[in-house]
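S.K.: What follows is a single structure, and I will ask about it in a moment.
The values are calculated or read from the model by the stated rules, or taken from the named source; none is laboratory data. Given the structure is predicted, the values throughout are model-derived calculations rather than measurements. Don't worry about glycine lacking a Cβ; one is built from the backbone with ideal geometry, like all the others, and counts go over all protein chains shown.
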Amino acid sequence: MPIERALLVTVKLDSEKDNWPIEDVASELEELVSTCGAEVVDNIYCRCAKPTSNLFIGKGKTEELALICQEEGIDTAVFSCDLSGTQQRNLEEIIGKKTIDRTQLILDIFARHAKTPEGKTQVELAQLQYLMPRLVGKGIMLSQLGGGIGTRGPGEQKLEVERRRIRKRIEKLKEDLRHLSLHRLTLRKKRKENNIPSVALVGYTNAGKSTLLNTLTASGQLVRDSLFTTLDPISRVLRLANGENIVISDTVGFLHNLPHYLIEAFKATLEEVLEADLLVHVLDASHSRLYEQAKAVSVVLKELGIEEKPIITALNKIDLLDDASWLARLTQDFPNAVVISAKLNQNLDRLLHKIQGHFQSKMASWQGIIPYSRTDLVDLFYRQGRVTEIKYLQKGIKIKANLPKTVVFNLLKNKEIIV
């Protein structure tokens, strides 16, 4: 199958409050298209005062794009802005090539990387929610979808159903996600009952979260140098140096100017972030736009209502830095930070020490004698804490351990145990 040739159209409005330079927006759009496996032939900048209702950009510029597409053998024109159905249809008529926007591009990547039933459900929901307001403008286009980027997901048959049936399908998908959410809620409740702390890795897409999870837990999670490799939530148990077990979760990466309904559709994936006791913000310290990326993550956390959660910043990929002196400024600009290389396993002991220190205040030393009828508690101590001494006496099992304070509180109420 021949590689799809794409023309990128990066649009910057004069009224836009976004502080990202047009060159940076263009560069990220190119990364997104490359992740889809297409060849970027050219990237055209387009600055305009305000969008027009029929084409978003001016007619003259649109005709210029049509000429470029004809001369360069372009298959697809990709716009950096969200297009309405009418705008998309009108642009395709003049350009004469398939035209998609940034959100379709992101959804295409999601469709490629969704592996579990839950991930696929979330992608289909997001695609149908994207499609709904564009049905009127698209018209006959719905029956003419071809292959290539921006067309994966629900499929031609589902796209052609009328609005009422799409609404019903959306409700069904939401209900399916609610059931999956209840299942995960049960698992999290069990963890809470066992007093197992949870840590969620958050950060911009391709910052190295999956690599960090792999290195810390030897989990073998798929890692690629591309955007949105992780779509489905992944949780692993990690034992800290003091013997305490924690659950650490990898989550979908964030992106600058992520559409609100995409965040809503992927709330199921982000529930691990909502319920976490501690967030580790993984930030690519070698990236030229790391400050903008950090701000984009903060915006999403604020939208989720969890910006006040305790956060450790992991300044990752220090092995790619040409000037190591840059780290001194970064550690000043990002409080509670530790510099690491997840790929080369550099300074991960410092990161684990910080995580352990956060939960240390919730631990306490305990010693006592438990009856032989309660050997289940011995297993509990080993799972949730660190046993420093154990002796088998005639009257019971003498144990010294470092345990979560909630466990110690319950032990003090247990009359079977001699403290």
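S.K.: Taking the options Ala49, Ala77, name whichever one is among the aliphatic types (A, V, I, L, M) and surrounded by fewer than 23 Cβ atoms within 10 Å (Cβ to Cβ). Give the derivation first.
M.R.: Numbers: Ala77 fails: surrounded by fewer than 23 Cβ atoms within 10 Å (Cβ to Cβ).
Result of the check over Ala49, Ala77: Ala49.
S.K.: Kindly indicate whether any position in region 210-231 is modelled with pLDDT of 85 or more and in a loop (DSSP other than H, G, I, E, B).
M.R.: Here is the first cut: in region 210-231, the residues modelled with pLDDT of 85 or more are 210-217.
If we keep only those that are in a loop (DSSP other than H, G, I, E, B) as well, we get none.
No, region 210-231 contains no residue that is modelled with pLDDT of 85 or more and in a loop (DSSP other than H, G, I, E, B).
S.K.: Out of Ala26, Ala66, report the one residue that is in contact with a Gly (Cβ under 8 Å, 6 or more places away or on another chain) and surrounded by 15 or more Cβ atoms within 10 Å (Cβ to Cβ).
M.R.: Working: Ala26 fails: in contact with a Gly (Cβ under 8 Å, 6 or more places away or on another chain).
None of the others qualify; the one that does is Ala66.
S.K.: Now for a different question. Determine which member of the set Gly253, Gly203 is under 26 Å from Asp319 (Cα atoms), touching a strand residue (DSSP E or B) at 6+ places or on another chain (Cβ under 7 Å), at pLDDT below 85 and surrounded by 18 or more Cβ atoms within 10 Å (Cβ to Cβ). Let's see the steps before the verdict.
M.R.: Details: Gly203 fails: at pLDDT below 85.
Exactly one residue qualifies, and that residue is Gly253.
S.K.: Right, something else. Can you find even one residue in region 150-168 that is modelled with pLDDT of 70 or more, among the acidic types (Asp, Glu) and not assigned by TED's automatic domain parsing to the domain that holds Leu258? Break it down into steps so the answer makes sense when it comes.
M.R.: As a first pass, look at region 150-168 and keep what is modelled with pLDDT of 70 or more: 163-168.
If we keep only those that are among the acidic types (Asp, Glu) too, we end up with none.
Checked against the condition, which is being modelled with pLDDT of 70 or more, among the acidic types (Asp, Glu) and not assigned by TED's automatic domain parsing to the domain that holds Leu258, region 150-168 yields no hits at all.
S.K.: Out of the residues in region 28-65 that are over 11 Å from Val9 (Cβ atoms) and among the β-branched types (Val, Ile, Thr), state the one that is modelled with the lowest pLDDT.
M.R.: Thr35
S.K.: Filter the helices (runs of 4 or more DSSP H) completely within region 301-419 down to those with at least 3 residues that are farther than 21 Å from Ser288 by Cα.
M.R.: Working: elements: 326-333, 348-360, 376-384, 405-413.
Filter on region 301-419 gives 348-360, 376-384, 405-413.
S.K.: Which of (1) at pLDDT below 75; (2) on the phi < 0 side of the Ramachandran plot does Asp176 not meet, given it meets every other one?
M.R.: Unmet condition: (1).
S.K.: Would you point out the residue of region 320-344, among those that are among the polar types (S, T, N, Q) and either exposed (fewer than 12 other Cβ atoms within 10 Å of the Cβ) or within 14 Å of Asp284 (Cβ to Cβ) (or both), that is modelled with the highest pLDDT? Before the answer, list the steps.
M.R.: So in region 320-344, the residues among the polar types (S, T, N, Q) come out as 325, 331-332, 336, 341.
In the following step, the residues that additionally are either exposed (fewer than 12 other Cβ atoms within 10 Å of the Cβ) or within 14 Å of Asp284 (Cβ to Cβ) (or both) were identified as 325, 332, 341.
Values: Ser325: 83, Gln332: 90, Ser341: 96.
It comes out as Ser341.
S.K.: Just for region 1-12: of the residues that are at pLDDT 90 or above and not polar (S, T, N, Q), which one is farthest from Cys48 (Cα to Cα)?
M.R.: Restricting to residues being at pLDDT 90 or above and not polar (S, T, N, Q), the top hit is Glu4.
Here is a yes/no grid of residues against (1) free of Cβ contacts under 8 Å to residues at least 12 places away in the same chain; (2) over 18 Å from Tyr204 (Cα atoms); (3) in contact with a Gly (Cβ under 7 Å, 6 or more places away or on another chain):
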residue: Ile311; (1), (2), (3): no, no, no
residue: Leu320; (1), (2), (3): no, no, no
residue: Asp323; (1), (2), (3): yes, yes, no
residue: Trp326; (1), (2), (3): no, yes, no
residue: Leu330; (1), (2), (3): no, no, no
residue: Ala337; (1), (2), (3): no, no, no
residue: Asn345; (1), (2), (3): no, yes, no
residue: Leu348; (1), (2), (3): no, yes, no
